[in-house]
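A.B. asks: Okay, handing you the structure first.
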Amino acid sequence: MDDLAGTLDAIWRIEGSRVVATLARVTGDLAEAEDLAQEALAEALRSWPASGVPRNPGAWLTTVARRRAIDGWRRRAALDDRHRALARDLGEAADDVWQPIEDDLLRLVFTACHPVLPREAQVALTLRVVASLSTAEIARLLVASVPAVQQRIVRAKRTLTEARVPFEVPDHTEWVPRLQSVLTVVYLVFTEGYAATAGDRWVRRELAEEALRLGRVLSRLLPREPEIHGLVALMELQASRFTARVDDAGDPVVLADQDRRQWDRGQIRRGLEALERVDALRRGRGPYALQAAIAACHATAPSFAETGWDRIVLLYDALGALAPGPVVRLNRAAALSMTEDGTLPALAEVEQIADAGQLGASHLVGSVRAELLQRLGRTAEARGQFLAAAELATNDRERAWLERKAERLAGA
């Protein structure tokens with residue numbers, strides 16, 4: 001049963017958002033769609049041990065869910081004409097047909113990011129129904145408690161139902177006000193795929209590729225919005241390194257040790273072209289475009305040592321002015337450490353971030369501090385920081401990697 005649960009979890013991560021999106025389109029109710037999908041998952045746990053995993057599990061889950069929807073409508077015995085038509089059309093569909101409409105996912109994102117919901121609810125709900133993340137994963141990603149995230153999701157679905165929010169891509173006059181929430185969600189989904197917060201995989205490539213696909217769709221819908229192109233540029237450039245970011249065993253490979261021959265040059269080219277589209281609109285670079293510019297410095301550098309670190313520090317200064325935060329400061333410190341005579345000033349900056357306590361529950365401060373201490377020859381302190389960071393790491397691969405780094409310093 002444990003093996004089946006793991007298989008079903010993997011299937012849900014790949015197919016879940018499409019199942020929910022298809023059900024939301026035909027029912028017109030996001031909460032009902034997710035409830036039906038969860039009922040289908042429960043039915044899979046009951047029936048698959050005997051029948052085996054179907055050839056097309058996404059189609060199977062959708063078919064079971066829609067049958068439950070039809071049964072529910074019939075039981076209520078007060079179907080309107082719309083429900084009768086839906087029941088007839090869905091009942092006639094072949095069980096093995098699985099043809100998700102591409103725009104369904106975009107409709108799902110815009111529905112979950114509807115302005116009747118507060119921003120934190122928009123993000124949590126979209127990560128749940130679009131990215132198929134667990135509540136625990138969302139809590140880690142948003143630095144919130146699991147109960148708080150659960151409440152956000154429940155309240156968000158109730159609000160959408162009570163407000164009768166339509167499952168549709170909004171009119172173009174409503175796109176821009178809702179765009180920032182959508183971009184935030186897409187980038188958070190990509191981030192979870194780029195560096196998974198939990199589990200035994202360092203990279204969840206399929207999740208990041210889904211976010212990138214949504215970003216490309218958005219860029220076609222709103223070609224004159226520079227931050228969409230900035231986000232697409234950032235994701236393209238970051239995703240170009242996926243193959244080199246893990247070794248054959250699936251363990252992390254840091255930027256300095258990556259084989260740049262494995263980087264996807266076609267994806268780098270697409271990322272640089274997207275950044276050019278930002279500049280062509282002559283409306284300045286926003287936070288995503290500035291991060292893309294930083295990624296471009298890495299993507300175009302002949303080697304790690306020959307990277308334009310001074311330029312990267314300046315770009316982080318600009319990013320910090322637009323979107324200040326402890327992670328930006330920490331990344332700037334890491335870049336500063338690579339400049340001439342920058343290690344000690346960078347360590348001082350990291351110490352200030354640590355003293356502020358804003359990233360106290362994250363392993364990031366400890367891991368950066370450890371690298372700087374090791375570079376300065378303060379081996380015992382560095383080992384302690386690697387171990388402290390490992391204790392806070394929530395990804396199994398990253399935790400093991402940090403522990404190995406500490407072990408290598410044990411006899412130094």
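A.B. asks: First select every other residue whose beta carbon is under 12 angstrom from the beta carbon of V154; then total the charges, Lys and Arg +1, Asp and Glu -1.
C.D. replies: Result for the local shell: +3.
A.B. asks: Please give the net charge around V328, taking every other residue with its beta carbon less than 15 angstrom from that of V328, where Lys and Arg add +1 and Asp and Glu add -1.
C.D. replies: Numbers: positive: R285, R329, R332; negative: D317, E349.
Residues close to V328 contribute a combined charge of +1.
A.B. asks: What residues have an amide H closer than 5 Å to that of N395, excluding those fewer than 5 places away on the same chain, when H is modeled at 1.01 Å from N in the peptide plane?
C.D. replies: The list, which skips near neighbours in sequence, is empty: none.
A.B. asks: Now for a separate question. Per the helix-only calculation at 222 nm, which mean residue ellipticity applies to the chain, given -39500 (n - 2.57) for every DSSP H run of n ≥ 4 and division by its residues, nearest 500 deg cm²/dmol?
C.D. replies: -23000 deg cm²/dmol
A.B. asks: Please compute the Cα-Cα pair-distance distribution of segment 102-195 with 10 Å bins starting at 0, giving whole percents from short to long.
C.D. replies: In whole percents, the pair-distance histogram is 17, 53, 27, 3.
A.B. asks: Residues with amide H under 5 Å of V246's amide H, sequence separation 5 or more or different chain, H placed in the peptide plane at 1.01 Å from N; which?
C.D. replies: Correct list: V253.
A.B. asks: Something else: For segment 239-255 and segment 1-29, write down the distance between their C-alpha centroids in whole Å.
C.D. replies: After rounding, the separation between the Cα centres reads 28 Å.
A.B. asks: Per-residue HN-Hα couplings for segment 48-53, Karplus 6.51 cos²θ - 1.76 cosθ + 1.60 at θ = phi - 60°, whole Hz, x for Gly and Pro?
C.D. replies: Calculated HN-Hα couplings, in order: 5, x, 8, 8, x, 5 Hz.
A.B. asks: Also: Pop out the ³J(HN,Hα) list for segment 266-278 in order, Karplus 6.51 cos²θ - 1.76 cosθ + 1.60 with θ = phi - 60°, rounded to Hz; leave Gly and Pro as x.
C.D. replies: x, 6, 4, 4, 5, x, 5, 5, 5, 5, 5, 5, 4
A.B. asks: From the square roots a ≥ b ≥ c of the eigenvalues of the alpha-carbon gyration tensor of the chain, which class results: rounded (a/c under 1.5), prolate (a/b over b/c), or oblate?
C.D. replies: prolate
A.B. asks: What is segment 244-284 by shape, rounded, prolate or oblate, if you read a ≥ b ≥ c off the alpha carbon gyration tensor as root eigenvalues and call it rounded for a/c under 1.5, prolate for a/b larger than b/c, and oblate otherwise? Present the calculation step by step, with values, prior to reporting the outcome.
C.D. replies: Values: a/c = 4.08, a/b = 2.91, b/c = 1.40.
Prolate.
A.B. asks: Using the charge dipole of the chain (Lys, Arg: +1 at Cβ; Asp, Glu: -1 at Cβ; taken about the Cα centre), state which of S303, H229, A354 has its Cα farthest towards the positive end.
C.D. replies: Result: H229, furthest along the dipole toward the positive end.
A.B. asks: Could you give me the ³J(HN,Hα) list for segment 325-334, computed from phi with Karplus coefficients 6.51, -1.76, 1.60 and θ = phi - 60°, whole Hz, x at Gly and Pro?
C.D. replies: With coefficients 6.51, -1.76 and 1.60, one gets x, x, 5, 4, 4, 5, 5, 5, 4, 4 Hz.
None of the figures in this text is laboratory data; all of them are computed from the coordinates on show. The structure presented is a predicted model; accordingly, all values stated were derived computationally and were not measured. When we count neighbours, we look across all protein chains shown, and the Cβ atoms used for this are built from the backbone with ideal geometry, even at glycine.
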